[in-house]
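The values are calculated or read from the model by the stated rules, or taken from the named source; none is laboratory data. Please read these numbers as outputs of a predicted model, since none were measured by experiment. Here the Cβ is made from the backbone with ideal geometry for all residues, glycine too, and neighbour counts use every protein chain on show. Heads up: the accessible areas ignore ligands, DNA and RNA and are worked out on the full protein's heavy atoms, side chains in. Shrake-Rupley method; radii C 1.70, N 1.55, O 1.52, S 1.80 Å.
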Amino acid sequence: MTEALSPDDATRPDTPVYLDHAATTPLTAGARAAVAEGLAHWANPSSPHAAGRAARAALERARAQVAAAYGWRHETLFTSGASESLAIALGRAVAGRRVVSAVEHDAALRAAGAAEVLPVDPLGRVGPARIGDVAGAVVAVQWCNSETGVRQPIAAIAEAVHARGGILLVDAAQMPASDELAAHADLIALSAHKRGGPPGIGALLVRDLALLHPSGGQERGYRPGTENLPGALGYAAALAEPEPDHAELRARLDDLIRRSGGELVGDGAERHPAIGSYRMPGVAAAAQLIRFDLDRIAVSAGSACASGSLKPSHVLRAMGWGEEAAREVVRVSFGRTTTAAEVERFAAAWRAVARTRRFAA
């Protein structure tokens, strides 16, 4: 398990600092133990014999625990992660139309195909006023953007979508365990490895299975393949461990970046307390990542890697950013192990890169 660094350790230049938890986060101790327990239940949960029944019972306990963590009283389908959950929701919805916000994750955009696109304001928000005629449509809107951390007003969006006869799908991969969406969303995509659970497991919460065309196989007939029991147990265990509120820590980093001449993406919008996206004017994100990596600090670019080259983020472009500015953004994200000392060390590295830019100019 990755341990939190002491302040003294975090300031040592040879100590790695991991600030990319929005991409994936280390397993919690409870999740690791639960995965080991699941591996001991090696029987197929679909088998009728005693060993299979024991595995099935463990799987159903995990299913109930995941549902309870999100206050969900309807159907819970285990999947391989949020990407597959989105693919099932958008690919098999009985609704005839697909509508997605312009800042959705690439997985949602791929699954939606030739969907109608909802524009966003300069802070990356959809807002209920932008919900037009969505009758008979699945409308996909993230709980928060994984690049910028900007949160959507889901309750208001849900009211607008439902009033117009639509179905709301929420990508909540970045949302901590909470019942916040239980009263609003019809479909919710979740992922374990963003929450301290193992990779390769996630869930699709479904208000009514009649919303989806079945495909046959396991998971109530909506996902074929042998169930991932170790993953399901690890996911349930991770959700049982509380996550810290990083709002003060991210506010501290916001302040340090501002004072160093950086620009906050989505500044003024409600944002995820553990995700910050920052622009360093005049320095490409690729160059920043190299410098930070040399300092043993792991962050990510605010752009996607395709065909071996960095391309401007579709999220930032949808928010009205120019191509050059969009190429200068990096994302910093916190997890259970993140400390104030690590944030200070990143800020110091940021200042050093920014000074190099000014001297070069």
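Checked against the criterion of being within 16 Å of the chain's Cα centre (by Cα) and either among the acidic types (Asp, Glu) or closer than 14 Å to Leu209 by Cα (or both), region 86-103 contains not a single residue that satisfies it. Could we say that Val117 is assigned to a strand (DSSP E or B), β-branched (Val, Ile, Thr), open to solvent by 10 Å² or more (accessible area, probe 1.4 Å) and without any contact (Cβ under 8 Å) to a residue 60 or more places away in the chain here? Taking the combined requirement at face value, the residue satisfies it. Residue pairs whose Cβ atoms lie under 8 Å apart, sitting 6 or more positions apart in sequence or on different chains, and linking a residue in region 259-273 that is assigned to a loop (DSSP other than H, G, I, E, B) to a partner that is among the hydroxyl-bearing types (Ser, Thr, Tyr), are Gly262/Tyr278; Val265/Thr148; Val265/Ser277; Val265/Tyr278; Gly266/Thr148; Gly266/Ser277. Among residues of region 120-134 being open to solvent by 10 Å² or more (accessible area, probe 1.4 Å) and modelled with pLDDT under 95, the one that is farthest from the chain's Cα centre (by Cα) is Asp133. All conditions but one from (1) in contact (Cβ under 8 Å) with a residue 40 or more places away in the chain; (2) open to solvent by 60 Å² or more (accessible area, probe 1.4 Å); (3) more than 20 Å from the chain's Cα centre (by Cα) apply to Arg56; the one that does not is (1).
Being open to solvent by 40 Å² or more (accessible area, probe 1.4 Å), free of Cβ contacts under 8 Å to residues at least 12 places away in the same chain and more than 24 Å from His272 (Cβ to Cβ) is a description that does not apply to Arg61.
Identify, please: which residue in region 183-225 is among the hydrophobic types (A, V, I, L, M, F, W, C) and open to solvent by 20 Å² or more (accessible area, probe 1.4 Å) and is, among those, nearest to Ala158 (Cα to Cα)? Checking each candidate, the answer is Ala183.
Among the criteria (1) open to solvent by less than 30 Å² (accessible area, probe 1.4 Å); (2) touching a His at 6+ places or on another chain (Cβ under 8 Å), the one Val94 does not fulfil is (1). Among the residues of this structure, Arg73 does not count as one that is part of a helix (DSSP H, G or I), exposed (fewer than 15 other Cβ atoms within 10 Å of the Cβ) and in contact with a helix residue (DSSP H, G or I) (Cβ under 9 Å, 6 or more places away or on another chain).
Based on this model, can you work out whether Leu86 counts as within 30 Å of Pro230 (Cα to Cα), open to solvent by less than 40 Å² (accessible area, probe 1.4 Å) and touching a Phe, Trp or Tyr at 6+ places or on another chain (Cβ under 9 Å)? So Leu86 does not fit the description; no.
Considering region 272-303, the residues that are of a type in the set (Val, Ile, Thr) and open to solvent by less than 10 Å² (accessible area, probe 1.4 Å) include one that is farthest from Arg355 (Cα to Cα), namely Ile275. Of all residues in region 325-361, those being polar (S, T, N, Q), crowded, with 18+ Cβ neighbours inside 10 Å and assigned to a loop (DSSP other than H, G, I, E, B) number 2. Selection of region 87-108 for residues being outside any loop (DSSP other than H, G, I, E, B) and under 9 Å from Ala140 (Cα atoms) yields Leu90, Arg98, Val99, Val100, Ser101, Ala108.
I'm checking my understanding of the structure. Among residues of region 309-324 that are in contact with a strand residue (DSSP E or B) (Cβ under 7 Å, 6 or more places away or on another chain) and without any contact (Cβ under 8 Å) to a residue 60 or more places away in the chain, which one is least open to solvent (accessible area, probe 1.4 Å)? If we take residues in region 309-324 being in contact with a strand residue (DSSP E or B) (Cβ under 7 Å, 6 or more places away or on another chain) and without any contact (Cβ under 8 Å) to a residue 60 or more places away in the chain, then Leu310 is least open to solvent (accessible area, probe 1.4 Å). Looking only at residues in region 228-267 that are open to solvent by 40 Å² or more (accessible area, probe 1.4 Å) and acidic (Asp, Glu), the one that is nearest to Trp42 (Cα to Cα) is Glu241.
Filtering Thr15, Thr25 for residues that are assigned to a loop (DSSP other than H, G, I, E, B), in contact (Cβ under 8 Å) with a residue 12 or more places away in the chain, out of contact with any helix residue (DSSP H, G or I) (no Cβ under 7 Å at 6 or more places or on another chain) and not basic (Lys, Arg) leaves a single hit, Thr25. So is Val170 free of Cβ contacts under 8 Å to residues at least 40 places away in the same chain, buried (at least 20 other Cβ atoms within 10 Å of the Cβ) and β-branched (Val, Ile, Thr) or not? Considered against the rule, which asks whether it is free of Cβ contacts under 8 Å to residues at least 40 places away in the same chain, buried (at least 20 other Cβ atoms within 10 Å of the Cβ) and β-branched (Val, Ile, Thr), Val170 comes out as yes.
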